[in-house]
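The values are calculated or read from the model by the stated rules, or taken from the named source; none is laboratory data. Remember, predicted model here, so these are calculated numbers, not experimental data. So basically every Cβ, Gly included, is an ideal-geometry build from the backbone, and we count neighbours across all protein chains shown.
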Amino acid sequence: MSTEPLHSPPKPVRDPQSSVVNGVERTDEYAWMRLTEEQRNAKAPDAHTRQVIDHLTKENAYAEQELAPVAGLRNALYAEMKGRIKESDLSVPYRENGFWYRYRYDEGAEYPVHMRASVLPNREEIPAEFTDFLDEQAMASGYDYFDLADFEIAPGNNLMAYSVDTVGRRRYEIRFRDLASGMELADVITHAGDGGAFADDRTFFYVRKDRTLRNARVFRHVVGTDPATDVEVFHEKNRAFSCEVYRSRSDSYVIISTESTLSSEHRLLRASDPFGEFQTLFQRGRKHEMSIMHIAGVGSAQGKFYILTNWKARNFRLMECPEDRTGKEFWTEVIPHRADVLLEDVDVFRDHLVVTERKAGLSHLRILQLSTGNEHEVGFHDPAYVAFSGTNPEWDTTKFRYGYASLTTPTSIFEHDLGRGGDVLLKQQEVLGGFDAERYVSERIWVTAQDGTRVPVSLVYRRDTPLSGRSPLLLYGYGAYGINVEPVFSSNRLSLLDRGFVFAIAHVRGGEELGRAWYENGRMEQKMNTFTDFIACAEHLVAKGYADPKRLYCMGGSAGGLLVGAVVNMRPDLWDGAVAEVPFVDVVNTMLDAGLPLTTGEYDEWGDPRELEAFQRILGYSPYDNIHDADYPAILSTTGFHDSQVQYWEPAKWVARLREHQQGKRPILLWTNMEAGHGGASGRFERLTEVARIYAFLLGRAFPQAALSA
């Protein structure tokens, strides 16, 4: 281990390694920081592994040294964030296949306990007594990291399959439990995906990952047999595609769905014939994305499929076809394409469709009654909010669960009467400590980007916060994969708002807030729009008095970390500080390495840099490749040693190179969680230590004297 004084930034070895790509010679002086998964997990580390771990350990020590002046503030932040959480809590129960399910958190517990109770005969009310059947808190004992990804109950209700990850690499182990006796079965499946599907009480289908952690193969397991003898039923050989397997809501089919960024395909097997052959329902087509829903026939009525598709419909439309005639010539349009409305999702019930749509950046829930053609919409009133389908496993029902949240409204679960309309609030997140929504204000404004495009921004702040250019502001963004950053409530965020921060979300291109075109105009050849949109939003917030120009901060994670890395290169003068969580900053090198997780599946998102045009385009914004001599803002970058999405060495290399070119005095810090992956710490309270570190970093920059006296 190094004996360098902690007050000095770590000085990693520079070992330039050159390569030529498309005729361009590139040098990477920190490529040595990369370790294989085997090296990371080795019980007896080799010299190279020890060198890398030693460097990351020094980075953590240096970060702690730099953050020592706000140590008291960190402790205070952790205590108040934890103090807002109702430690003993119960979820809203839901009914499925003869049982009610819910989970509870016990006081002080990091993880929940799952419970169930039998449905009362001929009665709708929820039973008073529930029985524990899956105790995550007990299962997590002895592990630094624990993730229960999913559990599946067999049709007979006495057998359960569940998947766990105790490393953080999102490579799961599937185990089986006899719920009648509570006994664990000997069957253990390794290197698996995060779910699966029972066809019957003995036959379970699941996905296995390949060496790049891609969901590549589907297997059939017969409970009680050696998993080594499991039969492969499907192999997705195209490395741009990843597959999953699930059971249809109708319980009629086991479905294999295989998808890439822009294409999808489905294979079906009758659940009643688990040893049969999967049949392709719709052949994949370039740039044809779809999801399917099966409706079982009732009485003499034939079953059918609903297809949510972008075929001749950029913003998607809903089609239907008979169960036995699925060619496109038999498709009938149910919900047409609309240029100004994105059709996001459809929940199918016996006599109703619940349609989740996106209009002008906000989500809407529309209910269509199949028997009458009547429709109505659930009304929402906050200026910035999100509404989403909840847990609705039963097809034959007139009750629909949905969730709702806004920047000032804690997450709420409602039950909507599909026939008569009307909502019943079942539960709202309880925020302890005297939270009063009336103390806070949310807004939604529009910013004009450099090419004239109008970009939505969601804001929240305390009602008594001055908007005269004197308040610190944190601007958050993502902008990739068509993923939206929703304006949801955060009880943790109150710790910033109550200290005078304004919080803003820039809904930049690359997400899907304003429809499919919004995504397409923020990827591939149009990727720079994501970054220039974000900068335009920041400049507008300063110009309109929402932000103090000397106390402007930005933050993003994963692909949002790419956004942060790009904008601090493009406009280092704009920010006093930046937070990049698990940032995707070494874009060229990662996209050149097909052996890494995610790379082959993301050529349609970023491009394949083996092609000259894509290489030049990516090289133009890749944060690691565009670092230059500048007065960079203060930066805190976080990562997980076992991250399977963005490898830890990306931020480690980025931070090392940034320090070489830092012309100012503001610190550049790296924090690595040596026991976690992409999602960080896994426990509900343990996560707060990471949030407290980030918030203390920001508050220490914005209010240095107050932070020191905390």
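Results, tabulated for the structure shown:
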{"read-out": "Conditions (1) surrounded by fewer than 21 Cβ atoms within 10 Å (Cβ to Cβ); (2) free of Cβ contacts under 8 Å to residues at least 40 places away in the same chain; (3) outside the structural domain of Ala506 (by TED's automatic domain parsing); (4) in contact with a strand residue (DSSP E or B) (Cβ under 6 Å, 6 or more places away or on another chain): number failed by Trp446", "value": "(3)"}
{"read-out": "Members of the stretch 356-414 found to be touching a Lys or Arg at 6+ places or on another chain (Cβ under 7 Å) and of a type in the set (A, V, I, L, M), listed by number", "value": "Ala384, Ile413"}
{"read-out": "Selection from the stretch 105-116 of residues that are touching a residue at least 24 places away in the same chain (Cβ under 8 Å) and assigned to a strand (DSSP E or B)", "value": "Tyr105, Val113, His114"}
{"read-out": "Hits in the stretch 683-701 - residues which are assigned to a helix (DSSP H, G or I), over 17 Å from Gly500 (Cα atoms), of a type outside the set (A, V, I, L, M) and in contact (Cβ under 8 Å) with a residue 24 or more places away in the chain", "value": "Glu686, Thr689, Glu690, Arg693"}
{"read-out": "Residue ranges of strands (runs of 3 or more DSSP E) in the stretch 118-223 with at least 1 members of a type in the set (Asp, Glu) and buried (at least 19 other Cβ atoms within 10 Å of the Cβ)", "value": "147-153, 159-165, 183-198"}
{"read-out": "Helices (runs of 4 or more DSSP H) completely within the stretch 521-627 that count 3 or more residues being within 21 Å of the chain's Cα centre (by Cα) and of a type outside the set (Asp, Glu)", "value": "528-543, 559-570, 587-592"}
{"read-out": "Some residue of the stretch 293-316 being among the small types (Gly, Ala, Ser), farther than 20 Å from Glu513 by Cα and crowded, with 18+ Cβ neighbours inside 10 Å", "value": "yes"}
{"read-out": "Residues of the stretch 557-605 that turn out to be among the acidic types (Asp, Glu) and under 30 Å from Leu699 (Cα atoms), as a count", "value": "4"}
{"read-out": "Leading residue by the ranking (surrounded by the fewest Cβ atoms within 10 Å (Cβ to Cβ)) among those in the stretch 491-515 that are of a type in the set (Lys, Arg) and within 19 Å of the chain's Cα centre (by Cα)", "value": "Arg493"}
{"read-out": "Condition met for Val424 (in a strand (DSSP E or B), over 27 Å from Asn492 (Cβ atoms) and free of Cβ contacts under 8 Å to residues at least 40 places away in the same chain)", "value": "yes"}
{"read-out": "Members of the stretch 231-254 that are surrounded by fewer than 20 Cβ atoms within 10 Å (Cβ to Cβ), in a loop (DSSP other than H, G, I, E, B) and out of contact with any Gly (no Cβ under 6 Å at 6 or more places or on another chain)", "value": "Lys237, Asn238, Arg239, Ser248, Arg249, Ser250, Asp251, Ser252"}
{"read-out": "Long-range neighbours under 9 Å by Cβ, at least six apart or interchain, first residue without any contact (Cβ under 8 Å) to a residue 12 or more places away in the chain within the stretch 192-213, second surrounded by fewer than 19 Cβ atoms within 10 Å (Cβ to Cβ)", "value": "Asp210/His191; Asp210/Arg239"}
{"read-out": "Lone qualifier among Glu107, Glu96 - being over 21 Å from Asp251 (Cα atoms) and modelled with pLDDT of 90 or more", "value": "Glu107"}
{"read-out": "Residue in the stretch 89-101 that is part of a loop (DSSP other than H, G, I, E, B), within 26 Å of the chain's Cα centre (by Cα) and of a type in the set (D, E, K, R) present", "value": "no"}
{"read-out": "Given (1) modelled with pLDDT under 95; (2) within 28 Å of Leu353 (Cα to Cα), number of the condition Val424 does not satisfy", "value": "(1)"}
{"read-out": "Tally, over the stretch 40-53, of residues that are surrounded by 15 or more Cβ atoms within 10 Å (Cβ to Cβ), more than 16 Å from Asp15 (Cα to Cα) and out of contact with any Pro (no Cβ under 9 Å at 6 or more places or on another chain)", "value": "2"}
{"read-out": "Every pair of residues 6+ apart whose Cβ atoms lie under 7 Å, when the first sits in the stretch 647-661 and is within 13 Å of Asn569 (Cα to Cα) while the second is part of a helix (DSSP H, G or I) and modelled with pLDDT of 95 or more", "value": "Trp654/Gly565; Trp654/Pro623; Trp654/Tyr624; Arg657/Tyr624"}
{"read-out": "Close pairs from the stretch 72-87: first under 21 Å from Pro112 (Cβ atoms) and without any contact (Cβ under 8 Å) to a residue 60 or more places away in the chain, partner assigned to a strand (DSSP E or B) and among the hydroxyl-bearing types (Ser, Thr, Tyr), Cβ under 8 Å, at least 6 apart", "value": "Glu87/Tyr105"}
{"read-out": "Which numbered condition Glu438 misses (of (1) surrounded by 15 or more Cβ atoms within 10 Å (Cβ to Cβ); (2) acidic (Asp, Glu); (3) within 30 Å of Val542 (Cβ to Cβ))", "value": "(1)"}
{"read-out": "Some residue of the stretch 225-240 being touching a residue at least 60 places away in the same chain (Cβ under 8 Å), within 29 Å of the chain's Cα centre (by Cα) and not assigned by TED's automatic domain parsing to the domain that holds Glu357", "value": "yes"}
{"read-out": "Pick from the stretch 628-645, criterion assigned to a loop (DSSP other than H, G, I, E, B) and either touching a helix residue (DSSP H, G or I) at 6+ places or on another chain (Cβ under 7 Å) or charged (D, E, K, R) (or both), ranking: nearest to Gly601 (Cα to Cα)", "value": "Asp643"}
{"read-out": "The stretch 450-490: number of residues that are β-branched (Val, Ile, Thr), under 22 Å from Ser558 (Cβ atoms) and either surrounded by fewer than 20 Cβ atoms within 10 Å (Cβ to Cβ) or not assigned by TED's automatic domain parsing to the domain that holds Thr532 (or both)", "value": "2"}
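Results for (1) surrounded by 15 or more Cβ atoms within 10 Å (Cβ to Cβ); (2) among the charged types (D, E, K, R), shown as yes or no for each residue.
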position: Pro9; (1), (2): yes, no
position: Ser18; (1), (2): no, no
position: Asp28; (1), (2): yes, yes
position: Glu38; (1), (2): no, yes
position: Leu56; (1), (2): yes, no
position: Glu66; (1), (2): yes, yes
position: Arg74; (1), (2): yes, yes
